[in-house]
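Laboratory data are not the source of any read-out in this text; all were calculated from the coordinates shown. Predicted model, so just to flag it, every value in this text is computed and none were measured. Here the Cβ positions follow ideal geometry from the backbone for every residue, glycine too, while neighbour counts run over all protein chains shown.
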Amino acid sequence: MTSMDGHRPTRDARAYSDGSDAIRPEAVRVEHGRDISGERTVRVDACVIGTGAGGAPVAKELAEGGMTVAMLEEGERVTTDDFNARPRDMMARLYRDAGQIATLGNVPILLPLGKAVAGTTLINSGTCFRTPPAVLEMWGERFGLDAMGAAELDPFFRRVERIQNVVQVPEELAGRNALVVKRGADALGWSGDFIYRNVRGCVGSGICTFGCPTSAKQHVGLTYVPLAWNAGATTYAGCRARRIETSGGRVRAVEASTAGGGRLRVECDLAVIACGAIGTPLFLRRQGLGKDSGELGRNLSIHPATGARALFEEPIEMAKGVPQSYFIDQFADEGIMFEGAAGPPDYAAMSFPFSGERHRELMLSYPSISQFGLMVSDLSRGHVHERGGLLQIRYDLNRQDTATFKRGIELLCELYWAAGAKVVYPPIEGIAELRDGDLSAVREWEPRPGALTLLAFHPLGTARADARPANGVVDENLALRGVEGIHVADGSVVPSSIGVNPQITIMTLATRLAFHLLGAPPPHDEPEPEAIAEPRITRPHALTA
Amino acid sequence: MELRVLSAREASIFACLTDTVVAPEPILPPVRETDAVRFFDEWLSLLPPLNRRAMRALLLVAEMTPLLTGFGGRLRRLDRGRRTEWLRSAERAPVPQVRMVLKLVESTSQLAYYGNDGVLMRLGYDAEANLRRGRELRAAEGRP
């Protein structure tokens, strides 16, 4: 979208109809690891490991700033031609370990992650929130990250939002799933709004998390990666970084194994690690790097989430419209955010309660079922490590977060009653369904983690930034302590739960890092958005609970 | 059906288990008329080796548990009513980990079955039409 009078339109319905202004690469600069069977050496200024929400923006900005850049990606490059609009098949193909990564602890939590060029942005909902100012303020107080204040980050937020084309969902594409929930929120007087998302030409295909079939959702494989190519960067897909070579206290090279059984050596002056909050601590630990603070792999927050379902006497048709199009932030200060969680029948089938006949009856009612999500800004913390070469993510939901879930589920059920639901299905083992506006079963429930059905989509914090060397793996400029020339740019540096979806936070911190590495001033000339989402988070839950 | 990972016996157990979990009745097609088993086989091939072995082992556990817990036979020897009784019993297992693992297996069966094109269509989702619209928009507007 073009900017007007120094402002960028964010309520322009064109973003939800016309995709003709998509970013196009001048050339697809991808080398496939499957084609590299021998040894190959390349020399660049910067090697970026990972091509998701963190890696792709860094690569693009460094390349545009004049550096030669190589982007290493363990997964393959997939394009819209590879998507088949079938959630079941896409989950198997686009998700790491076919969607079966889960935490171990007092309640197992599925943690879906992407594995391809564009990382998890390929399979997220496209929801965009800036880091709440109150959270950034807390980072300053608690982690010494004063340089990451709202004012300091503002130009970087604007830049990311322009490139990603962050615009608000119009009501006509929000889908009935969102509209019935909005009806309930309005009846209760709760605060909420249509979500801002990164799209160009969205028509509400309803399957954002399984590969957008219209190329409307602007995952970084459609934005930052082609812009990086246009500036001369090359993506090496199917190349898994194995080793960072250092000497004299500086990075010298990154070595990767290729899908073709070969070896790729990238000689570089800078290495930016962006393997995500699960991959980055494991990679650093294998190198013997980043361990001095004792915080590597620890402090994992995930925004655990669940959802409730409700049967209506009206058509809902969850597969039509934008699946995550509305949010309710009335209780954000309690660590509770409600966001849409609609999807096609196979996606719904996995999350619906029951089995056998009752599940079948519920599925046959699918056209009249609504599903809405509840996300908790968690106080619980987990850790990531490897044992015998196997990934282990340990995460126990603590008592406070469990109580927050109880509160959130009760509110969500209340919301559905206010919206006119006929039956409500809370996500609590042992409470099959609620009828006639009744909430007593949920209110009387003695909360325990094991009775909840949870997922999580936002791993953060495992190589956290902190200005004090004893407390953080990276410093306020995301430089890895203990060796020159290595930086981290992904969710692992985010030092706390932020209470909102983190992709814009990660992209913004990555952009700021790139400007720092280039010695460039912040991009103050970026256009102001006409409007942005401003969730009612006035007190970071992590400090106040 | 050519399978990548599953043996014919394992495929038969998964089909039986899925029939128990999703309990299809008209208008929904029987499991054998869907590609649920083929999907499960492909899905297994994409899992890390340890997870794959664990899932295959769980199939054998599911096959034998009804016999070992007093339901009168292996899973595939029981009629649906008896299998459903066994499933209800397993869902009430006192050990939470057993219930969690069972939920994983049930979810896999539900995904495999309800992801079938014919089943999706009966519930109002036309994947092919969604895909076709995407192709047409991309062609018309030059989207990537």
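In this structure, is A:L104 under 20 Å from the mean Cα position of the chain (by Cα) and either of a type in the set (D, E, K, R) or more than 19 Å from B:G134 (Cβ to Cβ) (or both)?
No.
Considering only residues that are facing chain B (nearest Cβ under 10 Å) and among the acidic types (D, E), look in the range A:60-91 and name the one that is farthest from B:R52 (Cα to Cα).
Among residues in the range A:60-91 that are facing chain B (nearest Cβ under 10 Å) and among the acidic types (D, E), the one farthest from B:R52 (Cα to Cα) is A:D81.
Of the numbered conditions (1) crowded, with 23+ Cβ neighbours inside 10 Å; (2) part of a strand (DSSP E or B); (3) not acidic (D, E), A:A463 fails exactly one; give the number of that condition.
Of the numbered conditions (1) crowded, with 23+ Cβ neighbours inside 10 Å; (2) part of a strand (DSSP E or B); (3) not acidic (D, E), the odd one out for A:A463 is (2).
For every residue, the table says whether it meets (1) under 13 Å from the mean Cα position of the chain (by Cα); (2) over 17 Å from B:E63 (Cβ atoms); (3) more than 7 Å from every other protein chain (Cβ to nearest Cβ).
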| site | (1), (2), (3) |
| --- | --- |
| B:S109 | yes, no, yes |
| B:G118 | no, yes, yes |
| B:L123 | no, yes, no |
| B:A129 | no, yes, yes |
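Looking only at residues that are closer than 16 Å to A:A277 by Cβ and either surrounded by fewer than 18 Cβ atoms within 10 Å (Cβ to Cβ) or among the aliphatic types (A, V, I, L, M) (or both) in the range A:382-402, which one is farthest from the other protein chains (Cβ to nearest Cβ)?
A:H383
Can you find a residue that is more than 11 Å from chain B (Cβ to nearest Cβ) and surrounded by fewer than 24 Cβ atoms within 10 Å (Cβ to Cβ) anywhere in the range A:338-353?
no
Taking the condition over 20 Å from A:F354 (Cα atoms) and more than 7 Å from chain A (Cβ to nearest Cβ), does B:L78 pass?
Spelling it out, B:L78 is indeed over 20 Å from A:F354 (Cα atoms) and more than 7 Å from chain A (Cβ to nearest Cβ).
Scan (1) touching a residue at least 12 places away in the same chain (Cβ under 8 Å); (2) away from chain B (no Cβ under 14 Å) for the single condition A:G140 breaks and write down its number.
(1)
For B:E85, which of the numbered conditions (1) in contact with a Ser or Thr (Cβ under 7 Å, 6 or more places away or on another chain); (2) over 17 Å from A:F210 (Cα atoms); (3) more than 7 Å from every other protein chain (Cβ to nearest Cβ) fails to hold?
Going through the list (1) in contact with a Ser or Thr (Cβ under 7 Å, 6 or more places away or on another chain); (2) over 17 Å from A:F210 (Cα atoms); (3) more than 7 Å from every other protein chain (Cβ to nearest Cβ), B:E85 breaks only (1).
For the range A:169-190, indicate whether the set of residues that are polar (S, T, N, Q) and out of contact with any Leu (no Cβ under 9 Å at 6 or more places or on another chain) is non-empty.
yes
Say whether the condition of being surrounded by fewer than 14 Cβ atoms within 10 Å (Cβ to Cβ), more than 10 Å from every other protein chain (Cβ to nearest Cβ) and under 21 Å from A:H359 (Cβ atoms) is met by at least one residue in the range B:32-50.
Checked the range B:32-50: at least one residue is surrounded by fewer than 14 Cβ atoms within 10 Å (Cβ to Cβ), more than 10 Å from every other protein chain (Cβ to nearest Cβ) and under 21 Å from A:H359 (Cβ atoms).
Any idea how many residues of the range A:354-366 are crowded, with 18+ Cβ neighbours inside 10 Å and under 28 Å from B:N130 (Cα atoms)?
The total comes to 5.
Tell me, which residue of the range A:403-424 that is among the aliphatic types (A, V, I, L, M) and over 24 Å from the mean Cα position of the chain (by Cα) is surrounded by the most Cβ atoms within 10 Å (Cβ to Cβ)?
Only one residue tops the list, namely A:L415.
Of all residues being within 14 Å of another protein chain (Cβ to nearest Cβ) and touching a Ser or Thr at 6+ places or on another chain (Cβ under 7 Å) in the range A:16-59, which is surrounded by the fewest Cβ atoms within 10 Å (Cβ to Cβ)? Just the residue, please.
A:I23
Being part of a loop (DSSP other than H, G, I, E, B) and either among the hydroxyl-bearing types (S, T, Y) or more than 10 Å from every other protein chain (Cβ to nearest Cβ) (or both) narrows it down to one residue among A:T209, A:T214; which is it?
A:T214
From the residues in the range A:92-115 that are at positive phi and touching a helix residue (DSSP H, G or I) at 6+ places or on another chain (Cβ under 6 Å), which one is nearest to the other protein chains (Cβ to nearest Cβ)?
The qualifying residue nearest to the other protein chains (Cβ to nearest Cβ) is A:A98.
Among all residue pairs at least 6 apart or on different chains, which show Cβ distances below 7 Å where the first residue, located in the range B:57-77, is within 10 Å of B:I13 (Cα to Cα) and the second is part of a helix (DSSP H, G or I) and among the basic types (K, R)?
B:E63/B:R76; B:L75/B:R83
Out of A:R176, A:R162, report the one residue that is surrounded by fewer than 24 Cβ atoms within 10 Å (Cβ to Cβ), more than 24 Å from A:L94 (Cα to Cα) and within 14 Å of chain B (Cβ to nearest Cβ).
Residue meeting the stated conditions: A:R176.
Could you give me the residue pairs with C-beta distances under 8 Å whose first residue belongs to the range A:310-321 and is away from chain B (no Cβ under 12 Å) and touching a residue at least 24 places away in the same chain (Cβ under 8 Å), whose second residue is of a type in the set (D, E, K, R) and assigned to a loop (DSSP other than H, G, I, E, B) wherever it lies, and which are 6+ apart or on separate chains?
These pairs meet every condition: A:A310/A:K422; A:L311/A:K422; A:F312/A:K422; A:E313/A:K422.
Output yes when any residue across the range B:75-91 is under 26 Å from A:G206 (Cβ atoms) and surrounded by fewer than 17 Cβ atoms within 10 Å (Cβ to Cβ), and no when none is.
No.
Of all the strands (runs of 3 or more DSSP E) wholly in the range A:158-199, which have at least 1 residues that are among the aliphatic types (A, V, I, L, M)?
Those strands (runs of 3 or more DSSP E) span A:166-168.
Among the residues that make up the range A:60-79, is at least one of them of a type in the set (G, A, S), assigned to a loop (DSSP other than H, G, I, E, B) and touching a Ser or Thr at 6+ places or on another chain (Cβ under 9 Å)?
Yes, because at least one residue in the range A:60-79 is of a type in the set (G, A, S), assigned to a loop (DSSP other than H, G, I, E, B) and touching a Ser or Thr at 6+ places or on another chain (Cβ under 9 Å).
Go through the range A:271-389 and tell me which helices (runs of 4 or more DSSP H), entirely inside it, have 2 or more residues that are over 26 Å from A:G430 (Cα atoms).
A:276-287
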